[in-house]
Amino acid sequence: MMRSKKIHLAVCSVFLIAMASVSAFDFGGLLTNDSVIKTCSDDKFRLDQKNSASLWVRAPFSENGQNYFIAEAVYNFERDFDTDSPTNALDFDLFKLALAKKAGAGSFDLNAGRFRYADLSGTIFSQLADGLELSYKSPSLQVSLYGSYTGLLNFHNVKMISSGDYSTLAMTKNRIKINQLKNLNLINQKTLTVLNAVAASAAPYGEKLKLLNTSGMLDAQNIMIANKLSVTSDAFIPDTDRLYDPVEKYVVGSAAVVFSNLFAGQNLGAQFLGAFRVEKSSFNRMYATLSCDGPIKGSLYYGINSTLGFTQYDGSGTEISNLSKLGIMYYSNFHAASLGFNAVYASCSQSGFECFHGVSQMSATYALQDLQYSGLVKFGMSATIKPVPVLLFLGGCDCVITSTDSDERDSFAYSGMQYILALKWQVASDFLLGANVTQYLAKDGCDDMDKTAFTLSAALSF
């Protein structure tokens, strides 16, 4: 781990020295503040104070500015009074070399270093990573290849769905499956005890077979049962007291193609993305996405995408899941107003699918419990308007349906409603103020989900 940090610092130093030799470069900074008053698990309101300071430099290598190096260092501080101690994080959240070469009607682009990348859905993988992206862009076609590594990222700044998040659900499902076999008299109590130990073990799949053998139960039936269990694994446990704590080690790869303006302004895209854990027990996730968007008529637009997810956990069988999203938006010339409808479906364990799991953590609701896009249906409306050019009002509400009520996550049930009301005021070109209120109103009997939050924010660039 120390060796990887030294390599990272050495690379940073080389680029900074090279950049310093370039006479024409830009630099600046950003200061942000977010003061959040929110309800906590004991129904009391507490302050969650977040502050950030960043400095960036940009060095162009060509007169047109398309070839350049850019880096940004950021310091984040958070004092959530619902937790025991504050969080400090120091990081490079941007460290990129960008090169472009014109080719006919389009251009070849190369991005290398640390930068943000998002999949076509914007929900599965959308985060920083250290990697390389090669793309060709023209008015009618965009093709890209992307590869990255996550093991040098700071856990405090990049949140990922880890093996630990999956293991909790997997152990619950395993326990239910084994108890069902016992209730059907397909196994005896001794076999149940051993299979529970096999299911809860953090060892790789081959080691679990050894555990069956040691117990004298390595027969065809028990091997078949063990093979059908969702394998659990050694969980990633972050060290929140460290200033820089690396996240889980994944290699991420993607290939995408987008055909632009095929007919009547319609765009069609396809992408394959894979995330492969490269430490201890494996947790591999692969996604195949199709997307389509464009105008319906006049100022009415739509966007739709659907993803099949394939999860392989430490030698276990492949779990198939689905994430589908729909958005319809109408744009008006009246004070730049807009009105939209959105819907998202993330499968649970029903209809031949398992629970969907992305790669990047993304909160799907404003609820007290952090609900990800897994076993969830959400649909609602949103609207924006600018009464004056420097003032933006935003509002939205959603109905949320989840699978959290069922132990096996195999059925959906109404969870609650949520809304947001927000205001953004561009006081000056370099100064932004904002305020919003969000609330999640859970169904009766689920008070542990209710949450109200009031946020005041400010951003000053220089």
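The values are calculated or read from the model by the stated rules, or taken from the named source; none is laboratory data. Fair warning: this is a prediction, and the values are worked out from it, not measured in the lab. When we count neighbours, we look across all protein chains shown, and the Cβ atoms used for this are built from the backbone with ideal geometry, even at glycine. The protein model used for the area step is the full one, side chains on, heavy atoms only, and it has no ligands, DNA or RNA in it. Shrake-Rupley method; radii C 1.70, N 1.55, O 1.52, S 1.80 Å.
Annotations for the structure displayed:
- For ASP410, the amide hydrogen comes within under 5 Å of the amide hydrogens of SER349, counting only partners 5 or more places away or on other chains and with H modelled in the peptide plane.
- Packing-based order for 389-402, 147-160, using average beta carbon neighbours within 10 Å, highest first: 147-160, 389-402
- A straight chain from ALA105 to ASN33 at 0.36 nm per residue would run longer than the Cα-Cα distance by 21.6 nm.
- Computing FRET efficiency as 1/(1 + (r/R0)^6) for LYS44 and SER260, where r is the C-beta to C-beta distance and R0 is 45 Å, gives about 0.30.
- Potential extension, LEU391-ALA428 segment - 0.36 nm per residue separation minus Cα distance: 12.2 nm
- Extension gain for the segment LEU184 to LYS443, taken as residue separation times 0.36 nm less the Cα-Cα distance, is 89.7 nm to one decimal.
- In this rough spin-label picture, where each label sits 7 Å from Cα along the Cβ direction, the VAL143-THR452 distance is 5.6 nm.
- For region 74-119, the relative contact order works out to 29 percent when only alpha carbon pairs closer than 8 Å and six or more residues apart are counted.
- Phi to ³J(HN,Hα) by Karplus 6.51 cos²θ - 1.76 cosθ + 1.60 over region 392-397, Hz, x for Gly, Pro: 10, 9, 9, x, x, 8
- When peptides 426-435, 56-65, 377-386 are sorted by average Cβ neighbour count within 10 Å, with the highest value leading, the order is 377-386, 56-65, 426-435.
- Here the label points at ALA288 and GLU408, each 7 Å from Cα along the C-beta direction, are separated by 2.7 nm in the simple model.
- Over all directions, the projected convex hull of the C-alpha atoms in region 235-354 averages 11.8 nm² in area.
- Charged neighbours of THR402, selected by a Cβ distance under 14 Å, balance to -4 (K, R count +1; D, E count -1).
- Ordered from highest to lowest accessible area with the whole protein assembly present and a 1.4 Å probe, ASP119, ASP241 read as ASP241, ASP119.
- With 22 Å as the limit, the listed pairs LYS50/LYS443; LYS44/LYS159; LYS50/LYS451 have LYS50/LYS443; LYS44/LYS159 beyond it between alpha carbons.
- Electrostatic tally near VAL143: other residues with Cβ closer than 13 Å to its Cβ, Lys and Arg +1, Asp and Glu -1, net -1.
- Charge tally around GLN49: other residues with Cβ under 14 Å, Lys/Arg +1 each, Asp/Glu -1 each, net -1.
- Alpha-carbon centroids, region 364-424 and region 265-344: separation in whole Å: 17
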